[in-house]
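Below is one structure; the comments refer to it alone.
The values are calculated or read from the model by the stated rules, or taken from the named source; none is laboratory data. All figures in this text were calculated on a predicted structure; none of them were measured in a lab. Positions of Cβ are generated from backbone atoms using ideal geometry, with glycine treated the same way; all protein chains shown enter the neighbour counts.
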Amino acid sequence: MRTVENISPRKIAVGTIQNRLEDTSEILEPVYNELEGELGKQRVVNIDESGFPHNKTLAWIWGFITQTFAFFTIQASRGSRVLKAVLGEFFDGIIICDRYSAYIKYQKDRIKGLLQFCWAHIIREVKAMKHEFAYGSDELFSTVFRRYIGVIFRLLIGKNSSS
């Protein structure tokens, strides 16, 4: 593992590193605020959250990914109030996410907009059903459903390549 001692012949105090981080945060704050403000104007936002150790507690790092930029924020909550705070209550775009309950609650509370579940999560959940049989069939549900997903993707790719 590389440490500061490995890349710099000068001794650097932890306080100096902290000061530079604070300076950088201050310089980038207007850009951060601008990007956060732009999120609510986006047509599609992919969102995910993950546990993140912060000040000896568990916080959540939220990633909001658009076609042109990514926005990250560390929050104490994993709840839908983070979505309301970042996107606003009237976000009318498409949210692509996993099936975590905060997204579903946010969707129920907002007036417009769509929620699309992430294909990677859907496929993983379908694969996990490898021992379940499809209704009225001798075929496994995961086999049947993955075949349908393949058809959907081929149709989408064909539609997009002809335009």
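Side notes on the structure shown:
- Of the listed requirements (1) without any contact (Cβ under 8 Å) to a residue 12 or more places away in the chain; (2) closer than 30 Å to Y103 by Cβ; (3) of a type outside the set (S, T, Y), P9 misses just one: (2).
- Scanning the range 117-163 for residues that are modelled with pLDDT of 80 or more, over 24 Å from the mean Cα position of the chain (by Cα) and closer than 30 Å to Y106 by Cβ yields F145, Y148, L155.
- Remark: pairs (first residue in the range 131-158, within 20 Å of W119 (Cα to Cα); second residue part of a loop (DSSP other than H, G, I, E, B) and among the hydrophobic types (A, V, I, L, M, F, W, C); Cβ separation under 6 Å; 6+ apart in sequence or on different chains) = F141/M129; F141/A134; S142/M129; V144/A134.
- Close pairs (6 angstrom Cβ cut-off, 6 or more residues apart or separate chains): surrounded by 14 or more Cβ atoms within 10 Å (Cβ to Cβ) in the range 55-75, in a loop (DSSP other than H, G, I, E, B) anywhere: A59/A76; W60/R78; T66/Q42
- The set of residues in the range 12-54 being of a type in the set (A, V, I, L, M) and touching a residue at least 24 places away in the same chain (Cβ under 8 Å) consists of L35, L39, V44, V45, I47.
- Taken together, the residues in the range 4-43 that are over 28 Å from R110 (Cβ atoms), assigned to a loop (DSSP other than H, G, I, E, B) and either outside the structural domain of K84 (by TED's automatic domain parsing) or among the charged types (D, E, K, R) (or both) amount to 2.
- Wholly enclosed helices (runs of 4 or more DSSP H) of the range 83-163 bearing at least 1 residues surrounded by 11 or more Cβ atoms within 10 Å (Cβ to Cβ), among the acidic types (D, E) and outside the structural domain of S50 (by TED's automatic domain parsing): 119-128
- Residue match in the range 64-75 (condition: assigned to a helix (DSSP H, G or I) and either hydrophobic (A, V, I, L, M, F, W, C) or more than 17 Å from Q42 (Cα to Cα) (or both)): no
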